[in-house]
Every structure is written in structure tokens, then in C-alpha cells.
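Q: Dropping the structure in here first, questions after.
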Amino acid sequence: MSARWVRLAGGFLLAAALGPGRAHGAASIGSARFEQDASGLVRISYRLDNPENRQFDVSLSLSRDGGRIFALLPRALAGDIGTVAGSGPKLITWDVDKDYPGLSCRDCVFAVEGTPAEERAGIEWVFIPGGSFLMGSEAGEADDEKPVHRVTVKGLYMAKTEVTNKQYRACVSAGACSPAHVADGTCYVYSGSAWKQGDLPASFQGDGQPVVCVDWSQAKAFSAWVGARLPTEAEWEYAARSAGKDWAYPWGDEQASCSRAVMDDGGVGCGRDSTWPVCSKPAGNTEQGLCDMAGNVWEVTQDWYHGSYDGAPVDGSAWESPRGSGRVFRGGSWSLPAGNARTAFRYYRDAGRSYDLLGLRPARSR
Ligand SMILES: [Ca+2]
């Protein structure tokens, strides 16, 4: 033990930061200890009980006044710090002299805190109770909505909103996502009459607007970063139908208009020629509170596209085999008319392409 370091027994604050009202299961952090060796290196051990194998962001802070203020944020850390998963004993090492040369401490308290990955970027999750519903539409204008078939979906959480530019940029900053294709010339951007590859106008890039110009792999990566995944096509339609209602739109059968959705209602983007900030049309929310399930941006799903529902799964899982000709998009967009915003409407494109009208909304099962 370093002469400069005075330890106090039991000086640990332990916290597995579980947000209020969230169902984070039984995960906890406990059994934390620290010791300092003669070289000054501090070893902080703790135990992560994580029965559902969630991903946590583990952080360490230090109080020098018995736990009132955690003013010191150690940086010269190694081991089980940052993104941590799995259950069992964990170990962090801290090179204290690298951060704070000569630091001594009579009344030290460390805080080891774990925040679940699904709280990253401030995603707001909405629980969709499970049930069974009739997927597809006999009345729809497209054959790919048929045959109508009964599908059972387990309860799940979906993000309340389309992922925003700000949320996506947080994933890029964390090193878990590659930048959206907003300025590399590869995104398909509406030019007034057609979609051509180019740069995304600034009018789409506000913090609160939905991220676009992300391809399917980028949508997957963002979803994984927030401890989630893409919804299956069945889950998406079930959620858009306000948990399986036999409705043409999230609110019922009244045709979509700019009072409930960002769309082409006599002018693209309801007259703005772009997306709108997420949740700008609350009158169009589902009964559970999901925003923009009709319009604003298309949302990618996990499924391959197939031209009819013959052979589709009926258990809410994704249709992964055989491969289709592209990944399914749902919900219409700022540049398309009401029919595309119907709950049963399907669209698809090559998974490697990105568009100014395509975004994402993650889902998770627990
Ligand atoms: Ca949408």
C-alpha cells in the first residue's frame, strides 16, 4: 500500500443505475473492493450479476469527502470498464499517479456505476403488449399485402421515435456507428423529380429530425449499440396497428393527411420539402404512444422482402430464409402520399443503399 494512500474500510458506494419505471431485470453490481499495491496501482474488483446478459456502460468516480461529492473521474483505467457484459467477477485497474500524481486520500469512496446500453442516446422506449393480429390487407392495392394471415407477436419495446440525427451522431462519437452517408455522395437524394446520388441538404440535418442516409447495416449497428435490434416486419405492422387493431392507419381508418403525418399531402414534407422533427404530429400517434409510424421517414425492418405472404412466419419472427430481393421498409415518408403510410403497405430496396427518406426505429424484446 502506498504511503500516500490512506484507505478507509467499507468506503464504497455501489450502484447499478437502473432507470425509474424501466424493466431492466435483475442486474446489479455488488461485492466491490479496492486495494492499492506498492507501485500505486489501484485494483477495483466488483461483481456484475447480469442474468439476462445485458450490456452495461460501467463508469468509475471517486469522492475524497466520504461520498458527498464524486469530483474525481479516473481516466487511466483498464479492465472491466466502459462496455461490460456477462456475469461474474470483474476487475478494473487504475494508474492513479498517471491521472493525479501524488494524490492522497483519507476518506476515499469509489462509485462503480453501470448504465444499461438501452439508455444510451436517451432513447425513450414504449412497451407494446403482445397478441395476435391479422397481418396484411385484402383491400390494399398491392398483391404483396396478401394473403392476410394471423400472426402472434410477443410483447416488445419499440423506440417512441424514429432515431434522430443527434442520437445517431452520439453512436458515431462512441465509435460504434459509421457516419451517415450525408456528405459522401452515395445517398439517394430527391432532386425534385427523381432520386439521384448526392449530398443531403442541411434542411434534413437538424438534431431533432430523423437520421436518414443510413443503410441497413448502419441501422443494425445503431440498434445493437442501444442494446436492441431492428423490429421484424410483423412486429412493425403489429405496433403500427396500435397493437394489432384491424385499422388502415395507426389511429384508425381515416385517410392520412398532414394533420396526422409528415407526407405528401399536396406538397412534399407537408410543404417543407424535407423531414420534420420527430413527433411533430402527435395526433397520428399509436394508442401506445409511438410517433410517426405513418410518414416522416420509412423505417427498415429485419426481414427480406418477398412478393407475397405465402410461406411467411406466423410467430412474429423475421422472414430471413430464403433471401429476398431487398430489406423491407415500412410506414411511408415525407415525400409519399397517404397510401404508402398505411399500416399494411410494404416497400423494399437493396440493403446496401441509403436514401433521404429512409431511417430506423429500434426494438427489443425485454
Ligand atoms: Ca416513420
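The values are calculated or read from the model by the stated rules, or taken from the named source; none is laboratory data. Computed from a predicted structure; not experimentally measured. As a convention, Cβ positions derive from the backbone with ideal geometry for all residues, glycine included, and neighbour counts pool all protein chains shown.
Q: Within region 292-305, how many residues turn out to be within 11 Å of the ligand (Cβ to nearest atom), in a strand (DSSP E or B) and either on the phi > 0 side of the Ramachandran plot or not charged (D, E, K, R) (or both)?
A: Qualifying residue count, region 292-305: 3.
Q: Here's something else I'd like to know. Mind checking which residues of region 181-202 are under 27 Å from the mean Cα position of the chain (by Cα) and assigned to a loop (DSSP other than H, G, I, E, B)?
A: Answer for region 181-202, where residues must be under 27 Å from the mean Cα position of the chain (by Cα) and assigned to a loop (DSSP other than H, G, I, E, B): His181, Val182, Ala183, Asp184, Gly185, Thr186, Asp199, Leu200, Pro201.
Q: If you don't mind, another one. So in region 136-185, with the set limited to residues that are on the phi > 0 side of the Ramachandran plot and surrounded by fewer than 16 Cβ atoms within 10 Å (Cβ to Cβ), which one is modelled with the lowest pLDDT?
A: Checked region 136-185; the qualifying residue modelled with the lowest pLDDT is Gly175.
Q: Does Arg64 satisfy the criteria of being under 35 Å from the mean Cα position of the chain (by Cα) and modelled with pLDDT of 80 or more?
A: no
Q: Could you go through region 267-275 and let me know if any residue there is under 16 Å from the mean Cα position of the chain (by Cα) and farther than 15 Å from Leu156 by Cα.
A: No, region 267-275 has no match at all.
Q: Taking Ser217 and the conditions (1) of a type in the set (Ser, Thr, Tyr); (2) more than 30 Å from Thr83 (Cβ to Cβ); (3) surrounded by fewer than 24 Cβ atoms within 10 Å (Cβ to Cβ); (4) more than 13 Å from the ligand (Cβ to nearest atom), which numbered condition does it fall short on, given that it satisfies the others?
A: Unmet condition: (2).
Q: Could I ask something else about it? Might you let me know whether region 242-254 holds any residue that is hydroxyl-bearing (Ser, Thr, Tyr), without any contact (Cβ under 8 Å) to a residue 12 or more places away in the chain and either closer than 21 Å to Gly295 by Cα or assigned by TED's automatic domain parsing to the domain that holds Phe329 (or both)?
A: Checked region 242-254: no residue is hydroxyl-bearing (Ser, Thr, Tyr), without any contact (Cβ under 8 Å) to a residue 12 or more places away in the chain and either closer than 21 Å to Gly295 by Cα or assigned by TED's automatic domain parsing to the domain that holds Phe329 (or both).
Q: Continuing with the same structure: Run down Ala194, Ala202 and say which single residue is at pLDDT below 95 and either loosely packed, with under 15 Cβ neighbours inside 10 Å or aromatic (Phe, Trp, Tyr) (or both).
A: Criteria check complete, one pass: Ala194.
Q: Could you check region 323-366 and list, in sequence order, the residues that are hydrophobic (A, V, I, L, M, F, W, C) and either on the phi > 0 side of the Ramachandran plot or within 13 Å of the ligand (Cβ to nearest atom) (or both)?
A: Across region 323-366, the qualifying residues are Phe329, Trp334, Leu336, Ala341, Phe345, Leu357, Leu358, Leu360.
Q: Taking the conditions exactly as written (away from the ligand (no atom under 16 Å from the Cβ), under 21 Å from Tyr157 (Cα atoms) and assigned to a loop (DSSP other than H, G, I, E, B)), does Ala318 satisfy them or not?
A: Yes, satisfied.
Q: Let me ask another. Scan region 258-277 and tell me whether some residue there is in the same structural domain as Pro231 (by TED's automatic domain parsing), closer than 21 Å to Arg150 by Cα and either at pLDDT 95 or above or within 14 Å of the ligand (Cβ to nearest atom) (or both).
A: Checked against the condition, which is being in the same structural domain as Pro231 (by TED's automatic domain parsing), closer than 21 Å to Arg150 by Cα and either at pLDDT 95 or above or within 14 Å of the ligand (Cβ to nearest atom) (or both), region 258-277 yields no hits at all.
Q: List every residue pair whose Cβ atoms sit under 6 Å apart, with the two residues 6 or more apart in sequence or on different chains, where the first one lies in region 167-191 and is without any contact (Cβ under 8 Å) to a residue 24 or more places away in the chain and among the β-branched types (Val, Ile, Thr) and the second, anywhere, is surrounded by fewer than 20 Cβ atoms within 10 Å (Cβ to Cβ) and part of a loop (DSSP other than H, G, I, E, B).
A: Val172/Pro179
Q: On the phi > 0 side of the Ramachandran plot, outside any helix (DSSP H, G or I) and within 15 Å of the ligand (Cβ to nearest atom): which single residue out of Gly289, Gly227 fits that description?
A: Testing whether each residue is on the phi > 0 side of the Ramachandran plot, outside any helix (DSSP H, G or I) and within 15 Å of the ligand (Cβ to nearest atom) leaves just Gly289.
Q: Is there any pair linking a residue in region 147-162 that is within 26 Å of Ile123 (Cβ to Cβ) and hydroxyl-bearing (Ser, Thr, Tyr) to one that is assigned to a loop (DSSP other than H, G, I, E, B) and within 16 Å of the ligand (Cβ to nearest atom), with Cβ under 6 Å and at least six apart or on different chains, and which?
A: Cβ pairs passing all conditions: Thr161/Val278; Thr161/Cys279; Thr161/Cys291.
Q: For region 271-305, give me each residue that is touching a Cys at 6+ places or on another chain (Cβ under 9 Å), crowded, with 22+ Cβ neighbours inside 10 Å and farther than 24 Å from Arg349 by Cα.
A: Hits for region 271-305 are Lys281, Gly284.
Q: When you scan region 104-124, do you find a residue that is in contact (Cβ under 8 Å) with a residue 12 or more places away in the chain, more than 30 Å from Ala239 (Cβ to Cβ), charged (D, E, K, R) and assigned to a loop (DSSP other than H, G, I, E, B), even just one?
A: Yes, region 104-124 contains a residue that is in contact (Cβ under 8 Å) with a residue 12 or more places away in the chain, more than 30 Å from Ala239 (Cβ to Cβ), charged (D, E, K, R) and assigned to a loop (DSSP other than H, G, I, E, B).
Q: If we keep just the residues of region 306-323 that are in contact (Cβ under 8 Å) with a residue 24 or more places away in the chain and under 24 Å from Arg364 (Cβ atoms), which is surrounded by the fewest Cβ atoms within 10 Å (Cβ to Cβ)?
A: My answer is Asp315.
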